[in-house]
Amino acid sequence: MYTQNQSTVTEFILLGLSSDTLVQVLLFHIFLVVYMTTLTGNVLLMVAVRTDKRLHTSMYIFLSSLSFLDICYTSSTVPKMLVNFLSPKKSISFTGCVVQFYVSLIMGQTECLLLAFMAYDRYVAICIPLRYNIIMNRMVSFCMIGISWSTGCMASSIVTFLTFRLKFCGPNIINHFFCQLPLLLRLSCSDISVINIIKLVSIPIVLFIPLSLILISYIRIITAVLKIRLGKSKAFSTCIPHLVVVVFFYGSAMFMYGRPEHLVTGDTDKRVSVFYTVITPMLNPLIYSLRNKDVQGAMRRLIRA
């Protein structure tokens with residue numbers, strides 16, 4: 001994926017969220033609890049969907065896939081961040097940076113597409129209910145999930161390959177808690193024009209096209225629901241959790257990657273990154289189970305078993 005002898009840098013220093021020792025110890029315990037909560041909630045949701053036959057529909061297949069994706073996403077950054085909180089030398093090897101960058105990029109790009117397919121699933125369920133089981137059968141659901149993952153992997157491979165073929169000739173301090181593209185480009189002593197072109201092409205494809213599909217799906221859903229005399233609240237209730245997740249994820253992602261390069265700053269970006277890489281994966285199982293009696297029932301049965 002990259003050629004290490006092109007670079008004189010063998011490791012990067014991650015400044016993290018704070019330089020104060022006491023604050024770092026406090027943050028270690030907070031993020032450890034958050035990480036364990038994320039793992040527990042998402043694993044429980046995956047197992048509940050797997051073991052309860054009443055949840056073997058496309059909506060819950062997508063939800064289970066989102067939980068697996070969230071586990072991988074938060075695991076690409078949080079364990080290293082926890083280690084660095086307690087380590088005097090807050091470094092990550094060049095190879096470790098490549099792996100972290102690649103995995104987190106895959107998860108972020110895959111989630112963009114998966115959320116778009118989930119919006120289409122809600123559109124079919126509400127606007128074409130009589131054909132829902134035909135249109136959104138298990139095979140179609142798994143194909144959509146496969147497309148999300150394969151597209152995320154392909155796009156991330158290209159960006160990662162081009163990024164780590166750049167030369168890093170000296171400065172190796174990253175003012176963040178993980179290896180992030182804009183900050184890595186600032187450290188490179190190579191021509192980054194190709195990467196910038198790829199960014200200009202890929203950001204609309206990965207962010208704005210899926211978001212447009214989500215908006216179109218929900219415009220049609222709202223239009224259809226407004227024509228219904230009875231059961232409007234029930235129809236909307238199946239969409240609210242997905243809408244909340246979309247707002248959280250896309251809002252923070254567009255803030256991070258939809259801005260001009262010169263507007264990328266330090267502390268604000270780190271806080272936003274914490275939100276979409278750490279907090280959102282923890283909240284997703286809670287958001288989807290709060291208003292869903294089927295998920296709540298499956299969770300209770302799983303815990304009592």
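Pairing each residue of region 114-129 that is under 24 Å from Ser150 (Cα atoms) with any residue that is of a type in the set (D, E, K, R) and surrounded by fewer than 21 Cβ atoms within 10 Å (Cβ to Cβ), provided the two are 6+ apart or on different chains, yields C-beta distances under 6 Å for Tyr123/Arg220.
For region 128-166, the candidate set comprises residues that are more than 23 Å from the chain's Cα centre (by Cα) and surrounded by 17 or more Cβ atoms within 10 Å (Cβ to Cβ); within that set, the residue that is farthest from Pro204 (Cα to Cα) is Tyr132.
I'd like the full set of residues that are within 16 Å of Tyr73 (Cα to Cα) and surrounded by 13 or more Cβ atoms within 10 Å (Cβ to Cβ), limited to region 25-44.
Residues satisfying the conditions are Phe31, Leu32, Val34, Tyr35, Thr37, Thr38, Leu39, Gly41, Asn42, Val43.
Looking at Ser190, Ser202 in this structure, which one is part of a loop (DSSP other than H, G, I, E, B) and closer than 26 Å to Gln100 by Cβ? Residue meeting the stated conditions: Ser190.
Restricting attention to region 92-127 and to residues that are over 20 Å from the mean Cα position of the chain (by Cα) and aliphatic (A, V, I, L, M), the residue that is farthest from Ile71 (Cα to Cα) turns out to be Ile126.
Every read-out reported here was derived from the displayed coordinates using simple, explicitly stated rules and does not represent laboratory data. Since the structure is predicted, the reported quantities are computational estimates derived from the model, not experimental observations. Here Cβ is always computed from backbone atoms with ideal geometry, including for glycine, and neighbour counts include all displayed protein chains.
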